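Read the structure below first, then the notes.
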Amino acid sequence: MGALGGMRRNVEVKARVRALAEARGAAERLLRGGSGELCPGELCPGEGHAQGTAQGQLLVQADTFFRVPRGRLKLRRTQDGRGELIFYERPDTTGPKLSSFTITPTADPDGLEAVLAQALGVLGVVRKERLLYLVGQTRVHLDRVEGLGDFLELEVVLRQEQSVQDGERVARELLRALGVGEDDLISGAYLDLLLAKGQPGMGAEPPNCHPPAGQGQQS
């Protein structure tokens, strides 16, 4: 996701997942090419696109959200001790929508969090284990979120010449290929769902590096 510099653009969509193993199987078939229906048009990974392994890449993350007057600001910690400060703006609506974001890395996530917490205040922490698949220009995330359950998130990384409508079309084709219906789509961020349940997830200790139940460690 992104790099140091100006605002970048994705088209994003989130959905609940009823059966994580089934969603994982669909994503892996899609990555491998599977049948024609599972790999329509631009969705097929091909020459010039970054590709992950068929099993996906395991990421363990803890996102601390801070109070800001607009958009969202979070500090992401990973299992290797690194951190990224991420600011993004996107509508809290269901379905594919534009997300504009900026990312800057930090070698001192503890110190940065302490300063931001004092200056802005902390809204909450989201901890998750994420399987990442790269399908064409889209990052497919299968997330197991502590306190919430299992979710699918798509990030269509827009090329400079592409419109938001182009990204929405790619996202909807991929949702169909993965068998995700309109009733499964959700709005907002994981933090919103945690706060609605009265679980702010406070405390931002680094995440433990362990795979989701029933899954082996991925490199």
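The values are calculated or read from the model by the stated rules, or taken from the named source; none is laboratory data. These numbers come from a predicted model, not from an experiment. Cβ coordinates were reconstructed from backbone atoms using ideal geometry, including for glycine residues, and neighbour counts include every protein chain displayed.
Results, tabulated for the structure shown:
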{"quantity": "Condition broken by residue 162, with the remaining ones in (1) without any contact (Cβ under 8 Å) to a residue 12 or more places away in the chain; (2) under 20 Å from residue 74 (Cβ atoms); (3) touching a strand residue (DSSP E or B) at 6+ places or on another chain (Cβ under 9 Å) satisfied", "calculated": "(2)"}
{"quantity": "The listed residue being under 22 Å from residue 193 (Cβ atoms) and in contact (Cβ under 8 Å) with a residue 60 or more places away in the chain, out of 122, 145, 135", "calculated": "122"}
{"quantity": "Check on residue 167, touching a His at 6+ places or on another chain (Cβ under 6 Å), in contact (Cβ under 8 Å) with a residue 40 or more places away in the chain and buried (at least 21 other Cβ atoms within 10 Å of the Cβ)", "calculated": "no"}
{"quantity": "Unique residue being over 15 Å from residue 141 (Cα atoms), modelled with pLDDT under 90 and among the hydroxyl-bearing types (Ser, Thr, Tyr) when the list is 219, 187", "calculated": "219"}
{"quantity": "Test result for residue 87, without any contact (Cβ under 8 Å) to a residue 40 or more places away in the chain, touching a Leu at 6+ places or on another chain (Cβ under 6 Å) and within 23 Å of residue 186 (Cα to Cα)", "calculated": "yes"}
{"quantity": "Hey, residue 155 closer than 23 Å to residue 196 by Cα and either loosely packed, with under 13 Cβ neighbours inside 10 Å or within 16 Å of the chain's Cα centre (by Cα) (or both) or not", "calculated": "no"}
{"quantity": "Conditions (1) at pLDDT 95 or above; (2) closer than 22 Å to residue 19 by Cβ; number of the one not met by residue 181", "calculated": "(1)"}
{"quantity": "Count of residues meeting criterion [at negative phi and either surrounded by fewer than 13 Cβ atoms within 10 Å (Cβ to Cβ) or at pLDDT below 85 (or both)] in segment 29-61", "calculated": "23"}
{"quantity": "Every residue from segment 62-98 that is modelled with pLDDT under 95 and not in a loop (DSSP other than H, G, I, E, B)", "calculated": "78"}
{"quantity": "Members of segment 75-94 found to be surrounded by 14 or more Cβ atoms within 10 Å (Cβ to Cβ) and either under 13 Å from the mean Cα position of the chain (by Cα) or over 16 Å from residue 153 (Cβ atoms) (or both), listed by number", "calculated": "75, 76, 77, 78, 79, 83, 84, 85, 86, 87, 88"}
{"quantity": "Residue list for segment 107-138, restricted to those being assigned to a helix (DSSP H, G or I) and over 12 Å from residue 76 (Cα atoms)", "calculated": "111, 114, 115, 116, 117, 118, 119, 120"}
{"quantity": "Those residues of segment 131-146 which are modelled with pLDDT under 95 and more than 20 Å from residue 179 (Cβ to Cβ), in sequence order", "calculated": "137"}
